[in-house]
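Chemist: Take a look at this one; I'll ask things after.
The values are calculated or read from the model by the stated rules, or taken from the named source; none is laboratory data. Treat the numbers as computed from the prediction; the structure is a model and nothing was measured. Neighbour counts are summed over all protein chains in view; Cβ atoms, including those assigned to glycine, are modelled from backbone coordinates with ideal geometry. Please note that ligands, DNA and RNA were not included when accessible areas were found on the heavy atoms of the full protein model with its side chains. Shrake-Rupley method; radii C 1.70, N 1.55, O 1.52, S 1.80 Å.
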Amino acid sequence: KAANFNVLLLLAVPIMMYSFDCQALVFQLYHSLREPSVDKMTRVATYAATIACTVYFSIGGFDYMSTGPCVSGNILLNYNPKADGYAAVGYVLYFAPIIMAYGMALLPTRDAIFNAIYEITAGDRSEDTIPDSVFLPVAFALSCGTLFCAIFIPGILTVASFLGGACSSTMCFTYPALFAIQLHRTGIYPANGTRKVLMYSMLSIGVFGCIFGTCIAAYKATLG
């Protein structure tokens, strides 16, 4: 038997939703494009998602083929870096992008704070005028706060699943879909048939991910 079904496998739903949190960086990436446009940003997002999915499925597939049913949820736990040189290289290659992505992951939170103080949005040129007396304390507090959480909060998988179910699905799927639908209905940005399908598909995924993902995360929390 190649695989056994376990209800905890459904925990992948909120975890996958959580992985879409990077969509909060879309506006900053959009403004960084040369001659930005919706079509160009769509191509960039499509290429990025395709590459990421290919890498993830390849890593997960080869790991399962090498370890079988004993595969761990954390792929790094399946190998011993002290006994396997390739595993040691894999550890280094894993931690390097995590460290580099750490700063990018804080950008949406930092921008939200500055937006509340100065009423600016991501990519707004006026954010360059924020004084260092405000910028540095906010950046330092966010770094220390997230580091504290990473060190002292046990069961980070449960935290990520709750965030994915309750927050990421809403922020990354439901809200963008509702915004697009409203823009279409008011005539500001009319959508064709394909975009209508995408809008309502995103809305359905967001609602499903929020309800189902949060329920699965809560069930996992009760198991400990």
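Chemist: Considering only region 177-218, how many residues are β-branched (Val, Ile, Thr), open to solvent by 60 Å² or more (accessible area, probe 1.4 Å) and touching a residue at least 60 places away in the same chain (Cβ under 8 Å)?
Modeler: 0
Chemist: Another question, then. Among the candidates PRO97, PRO137, PRO69, single out the residue that is modelled with pLDDT under 80 and either farther than 29 Å from MET202 by Cβ or open to solvent by 80 Å² or more (accessible area, probe 1.4 Å) (or both).
Modeler: Only one candidate qualifies: PRO69.
Chemist: Scan region 39-53 and tell me whether some residue there is under 20 Å from ILE15 (Cβ atoms), assigned to a helix (DSSP H, G or I), within 17 Å of the chain's Cα centre (by Cα) and among the aromatic types (Phe, Trp, Tyr).
Modeler: Taking every residue of region 39-53 in turn, none turns out to be under 20 Å from ILE15 (Cβ atoms), assigned to a helix (DSSP H, G or I), within 17 Å of the chain's Cα centre (by Cα) and among the aromatic types (Phe, Trp, Tyr).
Chemist: To continue, here is another question. Please state which one of THR174, THR170, THR129, THR146 is of a type outside the set (A, V, I, L, M, F, W, C), open to solvent by 30 Å² or more (accessible area, probe 1.4 Å) and at pLDDT 75 or above.
Modeler: Residue meeting the stated conditions: THR146.
Chemist: Let me ask something else. Tell me which residues, restricted to region 72-102, are assigned to a loop (DSSP other than H, G, I, E, B), closer than 21 Å to SER19 by Cα and without any contact (Cβ under 8 Å) to a residue 12 or more places away in the chain.
Modeler: Listed by number, the residues that qualify are SER72, ASN74.
Chemist: Which pairs turn up if I take residues in region 109-121 that are closer than 11 Å to VAL138 by Cα and at pLDDT 75 or above and look for partners that are in a helix (DSSP H, G or I) and polar (S, T, N, Q) with beta carbon separation below 9 Å, at least 6 apart in sequence or on another chain?
Modeler: Sorted first by the residue in region 109-121, then by its partner, the pairs are THR109/THR146; ASP111/GLN28.
Chemist: Could you please give the count of residues in region 32-57 that are over 22 Å from ARG195 (Cα atoms) and open to solvent by 50 Å² or more (accessible area, probe 1.4 Å)?
Modeler: So the count comes out to 9.
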